[in-house]
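Comments concern the structure below.
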Amino acid sequence: MSSALDWLQFVLAPQMVNGLSIGVAVVLMALGLTIIFGLLDVINMAHGEFYAIGAYGAVALIGLGMSFWWALALTPLLMAVLGYVTERGLIQRVFHSKDRHTLTLLLTFGVGIVLEDVLKIVFGANPLRVEAPITGATELVGLFFPNYRLFVMAVGGLLIVAVWVLVFRTSLGAIVRAAAFDRYMSASLGVPISRVYAATFAFGVALAGISGVLLAPIYSVFPTMGRDFVLIAFSVVIIGGMGSIKGAVLAGLLLTQVQSISSLFISPVWNDPLLFGIMVLVLMWRPQGLYGKLGNA
Amino acid sequence: MLELRDVHSHYGLSHVLQGIHLRVEPGEVVGLFGRNGVGKTTVIKTIAGWVQPTRGEIVFESRILSTMSADQVSRLGIGLVPEDRRIFPGLTVEENLRLGFMQAPGVGRAEQKRKLEKIYQRFGRLAERRDQMGTTLSGGEQQMLAFARVLTGAPKLLLIDEPTEGLAPMIVEELFTLMRELVDEGISIVLVEQNVHAALELTDRFYLVERGQITFSGDAAEAASCAELVERISV
Ligand SMILES: Nc1ncnc2c1ncn2[C@@H]1O[C@H](COP(=O)(O)OP(=O)(O)OP(=O)(O)O)[C@@H](O)[C@H]1O
Ligand SMILES: [Mg+2]
């Protein structure tokens, strides 16, 4: 009996907390993807690279002598600018074409490849490290949790709530939801639709960037770091329902818990098959994902 | 105030508007009549900027609309009450209304609040339901919301597409009263309406659309042209 409790306390609980700190970062990534999809109908294949650029942004700014905190505050702003320019300069160009689904998919895929190569050229292919700005651990219910992970959970959690409030409780959010549902009608009410698109894309890219900065001290930073991570985010978005915010949050937290708990029992090799197995099962049961699109609910 | 000169529009390869000429003077109500599928809604959409004309010119208060986007058109003071109302689901009545403020940017919060209260005075049923989701309203209430939403801007010209479709006679009556009030307030209207008799009471002039062209036009005050219009539609 007591050994079971010990197991819960010393094995399962820490694993769940670790999963949760990765989970909030995955949710931030997935929110970016799902909001961009929900409004623009664009599957942003470069999202993983934007995440990597966020992490490298932190590396670069810290290299310039800034503190981690400044990097955390500035990187998302720079990422938003990058996102805005990408939308305005590239995506907008093919947006009105008839095959825009294919074109935007290929375009963002290409942007991702280019960005990855740029990172390789500028920073080299070797992994870099970002020191955690908070060290030590805190004792909670007889367990020690790394302070930085607690910090990531707190900041990530706050950001998720902030995104929620922004989308569902502000007039800006109402504009985005209206545009996601019916861009023609919202334009006829004066909503500057192409600027809203660019700003929303920028916002999603900034979220990926924040995610990259937050996880930089936990993982190492390398040019292809976004690849695996974006796959998780994509499965989260597909399971949660393309375009759904509620779905991204729930599926993101659940999937990362499944991953971290299952890794206690099975080899990490099975991580991806498990993830995609769940995705396939959910899709067989509910092809539209758990929840509906951004504009609908 | 508005003029269409030889306007052509396509949906892909199908050539829907084939040279539309029409004119709206300040303060005028212009009726746009015709049978199903002749292109009335497409005329409205082309003016509103949803469809880019492939040829011809649309001029509003000496500005050329033909190449403007829908949001630019709306900010010039051209408001739209679209076919099928197009209320945003997932947005409350009030959120739907507030969206209309984007038509006239630069209006301060206090002014917006005042405007909203005026709208609620005029549309009492919307006031009672301000926190309800827009799409949970009845058809008639949704049509009222579509009018109220566009009126939160300051439209000089309203494009109104089949406002009474599928609604009970009492509500139809109410909508015509509302439109008459809007005219009295100095708003010009382009009205598409199946109920030709009721519409002719409101309109100053009318156009008949057939196969993407204006084939007949007249003065609503002249009994003879009205009779001809009715005959040509009902054949
Ligand atoms: N989005 C579209 N794509 C292709 N064809 C369209 C589209 N919208 C309308 N059409 C076609 O264009 C023609 C004109 O349509 P429009 O909606 O303007 O007619 P209407 O006069 O408003 O008809 P109704 O009285 O039924 O509303 C029709 O033949 C219609 O099938
Ligand atoms: Mg029509």
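Of all the helices (runs of 4 or more DSSP H) wholly in the range A:219-297, which have at least 1 residues that are basic (Lys, Arg)?
Answer list for the range A:219-297: A:225-240, A:245-262.
Sort through A:196, A:191 and tell me the only one that's touching a residue at least 24 places away in the same chain (Cβ under 8 Å) and within 14 Å of chain B (Cβ to nearest Cβ).
So the residue among A:196, A:191 that is touching a residue at least 24 places away in the same chain (Cβ under 8 Å) and within 14 Å of chain B (Cβ to nearest Cβ) is A:196.
List every residue pair whose Cβ atoms lie under 6 Å apart, where the two residues are 6 or more positions apart in sequence or sit on different chains, the first residue falls within the range B:69-93 and is within 7 Å of chain A (Cβ to nearest Cβ) and over 18 Å from residue B:46 (Cβ atoms), and the second residue, located anywhere, is part of a loop (DSSP other than H, G, I, E, B) and among the aliphatic types (A, V, I, L, M).
B:90/A:297
Given (1) hydrophobic (A, V, I, L, M, F, W, C); (2) within 21 Å of residue A:181 (Cβ to Cβ); (3) away from chain A (no Cβ under 14 Å); (4) within 16 Å of ligand 2 (Cβ to nearest atom), identify the lone condition not met by residue B:146.
Every condition holds for residue B:146 apart from (3).
Would it be correct to say that residue B:167 is among the hydrophobic types (A, V, I, L, M, F, W, C), in contact with a helix residue (DSSP H, G or I) (Cβ under 6 Å, 6 or more places away or on another chain), in the same structural domain as residue B:20 (by TED's automatic domain parsing) and assigned to a loop (DSSP other than H, G, I, E, B)?
Yes.
If residue A:206 passes every condition in (1) over 25 Å from residue A:46 (Cβ atoms); (2) in contact (Cβ under 8 Å) with a residue 60 or more places away in the chain; (3) small (Gly, Ala, Ser) but one, which one does it miss?
Of (1) over 25 Å from residue A:46 (Cβ atoms); (2) in contact (Cβ under 8 Å) with a residue 60 or more places away in the chain; (3) small (Gly, Ala, Ser), only one is false for residue A:206: (1).
Would you mind stating whether residue B:130 is part of a loop (DSSP other than H, G, I, E, B) and out of contact with any Leu (no Cβ under 6 Å at 6 or more places or on another chain)?
Judged against the criteria, residue B:130 is a match.
May I ask you to say which residue of B:137, B:208, B:159 is away from ligand 2 (no atom under 16 Å from the Cβ) and either within 14 Å of chain A (Cβ to nearest Cβ) or buried (at least 18 other Cβ atoms within 10 Å of the Cβ) (or both)?
B:137
In the list B:30, B:38, which residue meets the criterion of being within 9 Å of ligand 1 (Cβ to nearest atom), among the hydrophobic types (A, V, I, L, M, F, W, C) and under 28 Å from residue B:198 (Cα atoms)?
Going through B:30, B:38 in turn, the sole match is B:38.
Looking at the range B:25-46, which of its residues are away from ligand 2 (no atom under 13 Å from the Cβ) and buried (at least 21 other Cβ atoms within 10 Å of the Cβ)?
B:29, B:30, B:31, listed by residue number.
Any idea which residue in the range B:94-116 is nearest to the other protein chains (Cβ to nearest Cβ), counting only those that are surrounded by 16 or more Cβ atoms within 10 Å (Cβ to Cβ) and part of a loop (DSSP other than H, G, I, E, B)?
Checked the range B:94-116; the qualifying residue nearest to the other protein chains (Cβ to nearest Cβ) is B:104.
Of the residues that make up the range A:151-158, is at least one surrounded by 12 or more Cβ atoms within 10 Å (Cβ to Cβ), free of Cβ contacts under 8 Å to residues at least 40 places away in the same chain and either within 14 Å of chain B (Cβ to nearest Cβ) or closer than 20 Å to residue A:72 by Cβ (or both)?
Checking the range A:151-158: at least one residue is surrounded by 12 or more Cβ atoms within 10 Å (Cβ to Cβ), free of Cβ contacts under 8 Å to residues at least 40 places away in the same chain and either within 14 Å of chain B (Cβ to nearest Cβ) or closer than 20 Å to residue A:72 by Cβ (or both).
State all residues of the range B:174-198 that are within 16 Å of ligand 1 (Cβ to nearest atom) and either outside any helix (DSSP H, G or I) or closer than 22 Å to residue B:48 by Cβ (or both); if no residue qualifies, say none.
B:190, B:191, B:192, B:193, B:194, B:195
For the range B:1-24, name all the residues that are within 14 Å of chain A (Cβ to nearest Cβ) and within 15 Å of ligand 2 (Cβ to nearest atom).
If the condition is that a residue be within 14 Å of chain A (Cβ to nearest Cβ) and within 15 Å of ligand 2 (Cβ to nearest atom), then B:11 is the only one that fits.
Looking only at residues in the range B:59-86 that are among the small types (Gly, Ala, Ser) and farther than 17 Å from residue B:192 by Cβ, which one is surrounded by the most Cβ atoms within 10 Å (Cβ to Cβ)?
That would be B:74.
Please find, among A:45, A:79, the residue that is touching a residue at least 12 places away in the same chain (Cβ under 8 Å), surrounded by 24 or more Cβ atoms within 10 Å (Cβ to Cβ) and aliphatic (A, V, I, L, M).
Values: A:45 fails: surrounded by 24 or more Cβ atoms within 10 Å (Cβ to Cβ).
Exactly one of A:45, A:79 is touching a residue at least 12 places away in the same chain (Cβ under 8 Å), surrounded by 24 or more Cβ atoms within 10 Å (Cβ to Cβ) and aliphatic (A, V, I, L, M), namely A:79.
The values are calculated or read from the model by the stated rules, or taken from the named source; none is laboratory data. Quick caveat: nothing in here was measured; it's all calculated off a predicted structure. We place every Cβ from the backbone using ideal geometry, glycine too, and count neighbours over all the protein chains shown.
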